Amino acid sequence: MLAAAWLGRGPCALLRAAGRSRAGPGPGGASFGLPACAGPPRRPPRLLRAPAAAAWRLLSAGAAPPEPPRQRRVAAGPYAELYENPWTIPNILSMARMGLAPVLGYLIVEENFDVALGVFVLAGVTDLLDGFIARNWANQKSALGSALDPLADKILISVLYVSLTCANLIPVSLTSMIILRDVALIAAVFYVRYKTLSPPRTLSRYFNPCYATAQLKPTFISKMNTAVQLLLVAASLAAPVFNYVDSIYLQTLWCITAFTTVTSAYSYYHYGRKTVQVLNNK
C-alpha cells in the first residue's frame, strides 16, 4: 500500500513542480495550468530542488537548455578589447603642439620672428617630451598616440611652411610639395581608420579616439624627413634675426628637404601595409 501511494503521488508531485516553474504561482499560492493532486503536502524529492537546467532536461527528454544568441558576445568583445584611455601625457603634449601651430603662423605673418623662434623651440620641446615619455612608460603608450604625434607634426610643419612662404623665406614650390605629401598621408590614415573599424561604422565611433583600430609605424626615411623639415623651419626663422636670408647654405637645405620629402613619400608607397599594424583582426 505504501509503495502504491508513493507511485501515485510521485508523478503528480513532478507535474505540480513543473507547473509552478512554467505557469507561476497564482493568487493564494495556487498553480495554474495543471490540476492539483490529492493527498497531504509532502517534501519534494531531491531531484526537484535541482537547478533550472536539470528541470528543463527532465521536461524535454534530456535536451540541453537553449543558449543565448552568440552574436551579443561576439559584438561586445572587440569593442571592449580596443577601448583605451586617450588622455595620456604624450597625447596631451601632441594636442598642445597642434594648438601652438596657429600661434606660430600668426607671429610669422606679423614678422615677429624673435617670439616665433621661442615658441617654435617650445613646440620642439613638447615633441621631444611626448616621445620620451611614451618610450619609457608603458602605461603612457597608446595606439592613438602613434597617429596623433605625426599628425601634430604635420599640422605644425604645414602651418609653418605656409607662413614662412608668405614671409618670402621659403619657396612656393617646396611648400607645395610638402603640403601635397602631408595631405596624401592624412587621407591614407583616414582610409585605414575606416577599413579597420569594426561595424557599426558610425560617425561617433569613427571619431571616438578611445576605439583603437590600427597603429602606425613611420619609416626611417620619414623620421629623417621630419627632422630635416624642422631644421629648415628653425633655420628660416633664425635667418631674419641673424641676417643670413640669402645664404647659400639655406638654399642647399631647401634642396635636401625636397629630396627627403620625395623619398619619404615613396617609402610609404613602397612599404604600404608594413607601416600599419592592425589591432582589430575581425
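The values are calculated or read from the model by the stated rules, or taken from the named source; none is laboratory data. Remember, it's a predicted structure, so these values are computed and weren't measured experimentally. With ideal geometry, Cβ positions are generated from the backbone for all residues, glycine too; neighbour counts draw on all protein chains shown. Surface accessibility is based on the protein's heavy atoms, side chains included, excluding ligands, DNA and RNA. Shrake-Rupley method; radii C 1.70, N 1.55, O 1.52, S 1.80 Å.
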*Net charge dipole size for the stretch 84-139 [Lys, Arg +1 and Asp, Glu -1 on Cβ; Debye, nearest 20]*: 220
_Can you give the local net charge around Asp130? Use residues other than it whose beta-carbon is closer than 14 angstrom to its beta-carbon, Lys and Arg +1, Asp and Glu -1._
0
*What trypsin sites (Lys or Arg not before Pro) in the stretch 111-212 are in a loop by DSSP, with at most 14 other Cβ atoms within 10 Å of the Cβ?*
Arg201
*To the nearest 20 debye, what charge dipole does the stretch 118-192 have about its Cα centre, counting +1 at the Cβ of each Lys and Arg and -1 at the Cβ of each Asp and Glu?*
100
*Taking the highest mean first, how do the peptides 244-253, 124-133 order by number of other beta carbon atoms within 10 angstrom per residue?*
124-133, 244-253
*Which of Met98, Ala147, Ser173 sits closest to the plus end of the dipole of the stretch 93-217, meaning its Cα is farthest towards the positive end, when Lys and Arg get +1 and Asp and Glu get -1 on the C-beta?*
Ala147
*asked:* I'd like the carbon and sulfur percentage of the solvent accessible area for the stretch 109-234, probe radius 1.4 Å, heavy atoms only, ligands and nucleic acids excluded.
replied: 70
*Taking amide hydrogens as modeled 1.01 Å from N in the peptide plane, which residues meet the under 5 Å criterion relative to Ala214, leaving out close sequence neighbours?*
Leu279
